[in-house]
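Participant: One structure follows; several queries about it will come next.
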């Protein structure tokens, strides 16, 4: 009986304990739910996974159901795998879910041709560099099956699906990852395919995204614009120039305007215009296109076009005023004339015109979108993983260039016709140069002819080099000013003129007999002016080293000039890494002998410091020591011979430690 009583007591205790534990668990669950609701912690599903959190703009536009549907399909697949009957053999089946509507029966080439026809983006480069498989009637039965045409279809579908997924994830928090993944796609897949799908998906998303009049106007367009700008800059920094911005701008302009240049009011026109405005704000597109679009919208005068112009001016009106104040004032005057012509019934038109005038007249804006764009502009350097952004990323295209590309060519894509604004400015600059050339002295004309300077621009630079008073420093400054004046005001034009200027100075110093120290001191003045000239001078002397048809006098002058630049100015001797030590011709040997002789005429410690720069290149340092020992052991000048032998000893001892 005692044992039964103890057993009953134990069962009662277990039952009571179980009830207490269940009550504790229920209370704990209630407490956790209350805290999660209070702290706004995302809820968890039954399988322990967090619910996906989409960006705010996806929920506002009603596009979050796409990604949720994809997850729901994946969950159904997961449940089907574990709900099979016992004893049934499992088979691996490939079920293609047509979530995005991309699994058609048409061949891949026809799909791309249709996309390119609708988007007005040619795919000639795609078909030429990545040809599609063509079925032959004389081939085997295996190669002519219908499945052979669908070999590349899953790759294209997965590429489109991944691009759409990354574009939908665009937000400030995930911008670095999205930019990195989209940039890597250009390396992992054919670039033309990636570019075509990226432009298509981007335009589809912009067209389906409405623009409201709240304070966060165009936040989606901001994020997409900064994402595409960062991808474009990242490809440029990786030397994979793909002109992504050019293709995007061309596609959007073709969507907004017809062939005659008339604006086509559509549902997504405001979104497209805001996207282009933010591309200008992030300095990958010039203000000329934005000004042209605003003027086109004002000329129509309808309410929808004026609303779109209001959105543009609200987003980048302050920046447009800084870019071109005169053009902003002209647009303001046109809007004022339209405002005077309005009747009292057209209240909405009057409000839009007044808003345009106000946005283009204010010097600074406290709009939340403007401040956020400034913040995103500062963050671009972090997202592209660079210390500084390139200066030549701005696309100087106008609306007339894109609309008239059938006759003028697509220079913004192919890059062979030059920039239109550059060509016009260069024409004016060439006319000014020709006017100056008519007043050149006869002796300058004769000297330029003897040096082989045949173009008017080179004769003008030579005239500045030969006639500027004040010494080498003043001459260098005058040459830089002449290049900036004749370069058309653009970065590319000025850089081209500066490279030509350095080549002319090097050409003159090699042609002089005897050697004239004025020319290397002009090069030294350029080095002191800005470090960009250092690389130009290095490239000029590398060209001299490679040329074998130069006379011995020219080689000797070039070597002596290089020695003077290394001894007096900040020109490193590592420029000799392209010197051919195996060439034992008289001119090549004279070049290096004159360089070392000029180096030894100065302070010994300076010469040793310069020569020790070669220690980072083992073969270069060893070859230089062998050359010095071979060609200076029988040198008639005792001072140079003693200095060279001492340098050889110190270089060998320093490298041994």
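The values are calculated or read from the model by the stated rules, or taken from the named source; none is laboratory data. Predicted, not measured: the structure shown is a model, and the values here were computed from it. Cβ: placed from backbone, ideal geometry, glycine included. Neighbour counts: every protein chain shown.
Participant: Could you check segment 376-388 and list, in sequence order, the residues that are in a helix (DSSP H, G or I) and surrounded by 12 or more Cβ atoms within 10 Å (Cβ to Cβ)?
Facilitator: Taking segment 376-388 and keeping what is in a helix (DSSP H, G or I), we get 376-383.
Selection gives 376, 377, 379, 380, 381, 383.
Participant: For residues in segment 601-614 being surrounded by 15 or more Cβ atoms within 10 Å (Cβ to Cβ) and more than 17 Å from residue 569 (Cβ to Cβ), which is nearest to the chain's Cα centre (by Cα)?
Facilitator: Per the stated criteria, the residue is 614.
Participant: Pick out the one residue from 328, 342, 313 that is surrounded by fewer than 18 Cβ atoms within 10 Å (Cβ to Cβ) and in contact with a helix residue (DSSP H, G or I) (Cβ under 6 Å, 6 or more places away or on another chain). Lay out the reasoning, then the answer.
Facilitator: Values: 328 fails: surrounded by fewer than 18 Cβ atoms within 10 Å (Cβ to Cβ); 313 fails: surrounded by fewer than 18 Cβ atoms within 10 Å (Cβ to Cβ).
Exactly one residue qualifies, and that residue is 342.
Participant: Going by the structure shown, is residue 635 surrounded by 13 or more Cβ atoms within 10 Å (Cβ to Cβ) and over 27 Å from residue 517 (Cβ atoms)? Full working, then the answer.
Facilitator: Numbers: surrounded by 13 or more Cβ atoms within 10 Å (Cβ to Cβ): yes; over 27 Å from residue 517 (Cβ atoms): no.
In short, no.
Participant: Look at residue 620 and say whether it is buried (at least 16 other Cβ atoms within 10 Å of the Cβ) and more than 23 Å from residue 547 (Cα to Cα). Spell out how you get there, then give the answer.
Facilitator: Values: buried (at least 16 other Cβ atoms within 10 Å of the Cβ): yes; more than 23 Å from residue 547 (Cα to Cα): no.
Considered against the rule, which asks whether it is buried (at least 16 other Cβ atoms within 10 Å of the Cβ) and more than 23 Å from residue 547 (Cα to Cα), residue 620 comes out as no.
For every residue, the table says whether it meets (1) modelled with pLDDT of 90 or more; (2) in the same structural domain as residue 375 (by TED's automatic domain parsing); (3) within 26 Å of the chain's Cα centre (by Cα).
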{"residue": "239", "(1), (2), (3)": "no, yes, yes"}
{"residue": "274", "(1), (2), (3)": "yes, yes, yes"}
{"residue": "277", "(1), (2), (3)": "yes, yes, yes"}
{"residue": "321", "(1), (2), (3)": "no, no, yes"}
{"residue": "324", "(1), (2), (3)": "no, no, yes"}
{"residue": "337", "(1), (2), (3)": "no, no, no"}
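Participant: What are the pairs, 6+ residues apart or on separate chains, where a residue within segment 341-370 that is more than 19 Å from residue 300 (Cα to Cα) has its Cβ under 9 Å from a residue that is loosely packed, with under 14 Cβ neighbours inside 10 Å and at pLDDT below 85?
Facilitator: Listed by first residue and then by second, the contacts come to 367/215; 368/215; 369/215; 370/364.
Participant: Tally up the residues in segment 563-600 that are touching a residue at least 40 places away in the same chain (Cβ under 8 Å), under 40 Å from the mean Cα position of the chain (by Cα) and more than 15 Å from residue 622 (Cα to Cα), please.
Facilitator: Going through segment 563-600 one residue at a time, the tally reaches 9.
Participant: Moving to a separate point now. Do the conditions hold for residue 220, that is, is it within 20 Å of residue 314 (Cα to Cα), free of Cβ contacts under 8 Å to residues at least 40 places away in the same chain and touching a helix residue (DSSP H, G or I) at 6+ places or on another chain (Cβ under 9 Å)?
Facilitator: Details: within 20 Å of residue 314 (Cα to Cα): yes; free of Cβ contacts under 8 Å to residues at least 40 places away in the same chain: no; touching a helix residue (DSSP H, G or I) at 6+ places or on another chain (Cβ under 9 Å): yes.
Judged against the criteria, residue 220 is not a match.
Participant: Can you pull out the helices (runs of 4 or more DSSP H) entirely within segment 140-222 that have at least 2 residues that are more than 20 Å from the chain's Cα centre (by Cα), at pLDDT 90 or above and over 30 Å from residue 310 (Cβ atoms)? Spell out how you get there, then give the answer.
Facilitator: Numbers: elements: 153-168, 175-188, 191-207.
Because the criterion is at least 2 residues that are more than 20 Å from the chain's Cα centre (by Cα), at pLDDT 90 or above and over 30 Å from residue 310 (Cβ atoms), the helices (runs of 4 or more DSSP H) in segment 140-222 that meet it are 153-168.
Participant: Of all residues in segment 425-445, which are assigned to a helix (DSSP H, G or I), farther than 15 Å from residue 493 by Cα and modelled with pLDDT under 80?
Facilitator: Matches in segment 425-445: 431, 432, 434, 435, 436, 437.
Participant: What helices (runs of 4 or more DSSP H) lie completely within segment 544-657 and have 3 or more residues being at pLDDT 90 or above and within 29 Å of residue 527 (Cα to Cα)?
Facilitator: Values: elements: 552-568, 586-600, 604-611, 618-632, 638-656.
Counting at least 3 such residues, we get 552-568, 586-600.
Participant: Please find, within segment 241-263, the residue that is modelled with the highest pLDDT out of those that are within 17 Å of the chain's Cα centre (by Cα) and assigned to a loop (DSSP other than H, G, I, E, B).
Facilitator: So the residue we want is 243.
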